[in-house]
Amino acid sequence: MTSSAMQQLYQQIILDHAKSAHGAVAELSDLDDAAQVASADGLRRAQSHQVNTTCGDEITVRVALSGAGADAQIDGFAWRGVGCSISMASASVLNDTVRGTSVAESEAMLDLFREMLRSRGTIEPDEEVLGDAAAFAGVSKYPARVKCAMLPWVAFEAALLQLL
Amino acid sequence: MTFVAPPPASAHDRTPDGQSLHDQTLSHDEVLRIRNDFPVLHQLVNGHPLAYLDSGATSQNPISVMEAEQEYYEQRNAAVHRGAHTLAFAATEVFEAARATVAAFVGASENEIVWTSNATEGVNLVSYSFSNASLGLGGPAAARFALGAGDEIVVTEMEHHSNLIPWQQLALRTGATLRFIPVLPDGTLDLAAAAEILNSRSRLLAVTHASNVVGTINPIDDLVAMAHAVDALVFLDACQSAPHLALDLAALDVDFAVFSGHKMLGPTGIGVLYGKAELLAAMPPFLTGGSMITTVDMGTAEFLAPPQRFEAGTQRISQAIALAAAVDYLSHTGMGRIRTREAELGRRLVEGVTAIPGVRLLGPGRGAERIGLVAVDVAGVHAHDVGQFLDETGIAVRVGHHCAQPLHKKLGVTASTRASTYLYTTDDEVDRFLVVLAEVGPFFGVSR
């Protein structure tokens with residue numbers, strides 16, 4: 001018998017994303033510094049590696065931008081990681097959320113996602129805006145797991161920052 | 001609530017290797033009476049009675065330990081080893097009595113017991129004293145602790161980070177080489193490799209008595225013999241053995257050992273460093289300052305004899321006294337009986353987890369000697385999710401790498417779920433853990 005609290009936390013959307021994660025790659029080679037300036041395809045790339053010291057979960061997120069400034073587009077997104085279902089599903093949802101958006105749009109989503117996770121269950125998410133990311137609202141009631149859900153987004157933010 | 005008075009410990013209570021299982025187990029009624037001494041155990045977590053299976057991380061405190069600390073502050077609080085007033089004498093007396101209690105508990109002399117803040121500080125104390133000796137401090141007597149290029153420090157792949165990183169750092173500071181004894185797939189040390197690795201360049205072997213992850217009890221007698229045969233000193237991490245089996249450090253013939261108070265019914269903020277008297281007497285201090293000197297002038301200082309030489313500054317007085325109360329509680333119950341009881345709980349855990357499809361027991365299998373804990377990997381489910389699922393039903397376990405990343409890598413996992421028991425653990429708590437653990441795979445939709 002499984003409690004409804006567990007089903008609230010581990011929504012089917014989260015379990016599905018964890019099982020078949022979008023945007024996950026088996027290998028990410030090291031980026032050289034030159035990649036941030038430009039590469040043959042005209043994209044600028046950066047990546048960030050983040051670790052959750054509580055459990056050892058790790059993720060590396062790589063972004064590739066075309067254009068410049070707030071109008072720049074996220075043309076490439078890839079991640080590699082090991083971790084719990086919350087962090088892996090969150091990385092998968094992050095992939096679906098920001099791929100192909102502008103930097104400004106992705107930053108707005110990042111703010112919404114963070115605000116929801118820090119709300120301790122008080123913010124009712126707008127599924128129209130957040131899409132699958134709204135499924136993580138239940139995580140906000142478990143402060144110990146907020147870090148798990150945020151890990152990929154923090155890596156994404158840190159990678160992006162290197163290119164702005 | 002009253003203090004439990006189980007039968008006195010038997011003659012087998014203090015075996016040199018701590019492996020004796022001749023002592024009678026704790027009966028169900030005795031365990032229930034013991035639980036009455038631990039207020040924290042009697043609460044609901046997420047609507048379920050708390051099943052505390054994380055004593056390997058930190059144990060709970062009996063009332064007598066909390067009362068000892070309170071009594072100290074209410075009746076005797078004063079600076080120890082200085083001052084000529086009555087309270088200062090009273091404080092010094094109980095503080096040193098605590099040292100004697102802990103010394104007797106582990107087969108040591110009082111001057112071989114140094115108080116530290118925790119076990120980690122004890123490891124660092126020795127590693128920095130070795131550093132200081134390597135710089136020439138302590139004179140010719142301390143030369144035996146001096147390390148340099150060509151010397152080797154040997155650790156094992158099983159160590160808690162606290163018995164690894166201070167030695168990594170010591171190697172970096174001195175130019176010595178760090179080597180390690182590998183762990184076999186069954187979670188035991190590769191003794192054949194150990195025999196090769198320990199050689200005339202080996203100066204120190206740092207090894208854990210019992211693994212905090214897989215529960216393996218290492219053959220310390222064999223390792224000490226191998227190390228001493230090549231004149232290497234042996235540093236024992238006894239954090240997971242001192243609370244769970246009768247420890248006789250003199251009989252084990254280790255040169256140094258550490259353990260922590262909070263894992264053996266004591267408070268946080270207190271740990272113990274043991275060193276053979278002749279070694280402590282020759283070793284230069286790590287932390288220096290007040291309370292550890294004889295005479296001081298503006299350029300130099302003479303140091304006190306051990307243990308005070310290694311106890312600079314105001315000490316953890318109430319914590320030491322409370323730790324002695326914890327040791328009294330354990331001795332009164334009988335370490336042999338606790339060992340027998342936890343072996344039972346360990347068997348119950350091992351048999352239970354190995355019967356669940358998709359659950360892999362890490363480390364020694366059925367029938368192998370182990371302390372009362374298991375670490376498992378649930379196929380397809382991350383340990384953090386397993387721990388969350390258990391917590392929902394009031395079951396507290398440890399998830400993660402348990403400060404032993406190299407061992408987890410060796411066992412092919414990044415994290416595991418660990419259930420660890422103590423003298424207050426009931427069969428029912430272990431069974432609840434096993435029932436809920438079996439529900440984890442199906443909930444997360446893991447197909448098998």
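For residues in region A:110-164 being of a type in the set (Ser, Thr, Tyr) and within 20 Å of A:ASN52 (Cα to Cα), which is farthest from the other protein chains (Cβ to nearest Cβ)? Once the filter is applied, the top-ranked residue is A:SER140.
Elements of the type helices (runs of 4 or more DSSP H) sitting completely within region B:63-152 and holding at least 1 residues that are touching a Lys or Arg at 6+ places or on another chain (Cβ under 8 Å): these cover B:86-105, B:119-134. Taken together, the criteria exclude B:ILE356 from residues that are crowded, with 24+ Cβ neighbours inside 10 Å, hydrophobic (A, V, I, L, M, F, W, C) and either at the interface with chain A (Cβ under 10 Å from one of its Cβ atoms) or in contact (Cβ under 8 Å) with a residue 24 or more places away in the chain (or both). On the basis of being part of a helix (DSSP H, G or I) and of a type in the set (Lys, Arg), does B:ARG173 make the cut? So B:ARG173 passes the test.
Only one entry of B:GLY380, B:GLY363, B:GLY394 meets the criterion of being surrounded by fewer than 18 Cβ atoms within 10 Å (Cβ to Cβ), in contact (Cβ under 8 Å) with a residue 40 or more places away in the chain and not assigned by TED's automatic domain parsing to the domain that holds B:PRO182, and that entry is B:GLY380. When you check B:GLN60 against the structure, is it surrounded by fewer than 18 Cβ atoms within 10 Å (Cβ to Cβ) and among the polar types (S, T, N, Q), yes or no? Answer is no for this residue. Output the residues belonging to region A:114-164 that are crowded, with 21+ Cβ neighbours inside 10 Å and among the basic types (Lys, Arg). The one that is crowded, with 21+ Cβ neighbours inside 10 Å and among the basic types (Lys, Arg): A:ARG145. For B:SER131, the conditions (1) in contact (Cβ under 8 Å) with a residue 12 or more places away in the chain; (2) surrounded by fewer than 16 Cβ atoms within 10 Å (Cβ to Cβ) all hold with the exception of (2).
Under the condition of being in a loop (DSSP other than H, G, I, E, B) and basic (Lys, Arg), the residues counted in region B:189-221 number 1.
Checking each residue in region B:386-418 for being under 19 Å from B:VAL430 (Cα atoms) and among the charged types (D, E, K, R) picks out B:ASP391, B:GLU392, B:ARG398, B:ARG418. The conditions of being more than 21 Å from the chain's Cα centre (by Cα), buried (at least 20 other Cβ atoms within 10 Å of the Cβ) and not hydroxyl-bearing (Ser, Thr, Tyr) are met by B:VAL436.
Yes or no, residue by residue, for (1) away from chain B (no Cβ under 14 Å); (2) of a type outside the set (D, E, K, R); (3) over 12 Å from A:PRO152 (Cβ atoms):
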| position | (1), (2), (3) |
| --- | --- |
| A:GLY56 | no, yes, yes |
| A:VAL63 | yes, yes, no |
| A:SER87 | no, yes, no |
| A:THR97 | yes, yes, no |
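The sole residue among B:ASP221, B:ASP237 that is surrounded by 21 or more Cβ atoms within 10 Å (Cβ to Cβ) and touching a residue at least 60 places away in the same chain (Cβ under 8 Å) is B:ASP237.
Residues checked against (1) more than 28 Å from B:HIS401 (Cβ to Cβ); (2) of a type in the set (Val, Ile, Thr); (3) crowded, with 23+ Cβ neighbours inside 10 Å:
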{"position": "A:ALA26", "(1), (2), (3)": "no, no, no"}
{"position": "A:ASP41", "(1), (2), (3)": "yes, no, no"}
{"position": "A:ALA78", "(1), (2), (3)": "no, no, no"}
{"position": "A:GLY83", "(1), (2), (3)": "no, no, yes"}
{"position": "A:ILE86", "(1), (2), (3)": "no, yes, yes"}
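Filtering region B:72-109 to residues that are in contact (Cβ under 8 Å) with a residue 24 or more places away in the chain and surrounded by fewer than 19 Cβ atoms within 10 Å (Cβ to Cβ) leaves B:TYR73, B:ASN77, B:ALA79, B:HIS81, B:ARG82, B:ALA97, B:GLY107, B:SER109.
Note on region A:1-103: no enclosed helices (runs of 4 or more DSSP H) hold 3 or more residues that are at pLDDT below 90 and within 20 Å of B:GLY380 (Cβ to Cβ). Would you check if B:ASP186 is assigned to a helix (DSSP H, G or I), in the same structural domain as B:ALA143 (by TED's automatic domain parsing) and in contact (Cβ under 8 Å) with a residue 40 or more places away in the chain? Taking the combined requirement at face value, the residue does not satisfy it.
Of all residues in region B:265-310, which are touching an Asp or Glu at 6+ places or on another chain (Cβ under 7 Å), closer than 30 Å to B:ALA68 by Cβ and either polar (S, T, N, Q) or crowded, with 19+ Cβ neighbours inside 10 Å (or both)? Answer for region B:265-310, where residues must be touching an Asp or Glu at 6+ places or on another chain (Cβ under 7 Å), closer than 30 Å to B:ALA68 by Cβ and either polar (S, T, N, Q) or crowded, with 19+ Cβ neighbours inside 10 Å (or both): B:PRO267, B:GLY271, B:TYR274, B:GLY275, B:LYS276, B:LEU280, B:SER291, B:MET292.
The values are calculated or read from the model by the stated rules, or taken from the named source; none is laboratory data. Everything quoted here is computed from the prediction, not taken from an experiment. Note: ideal-geometry Cβ built from the backbone for every residue, glycine included; neighbour counts use all protein chains shown.
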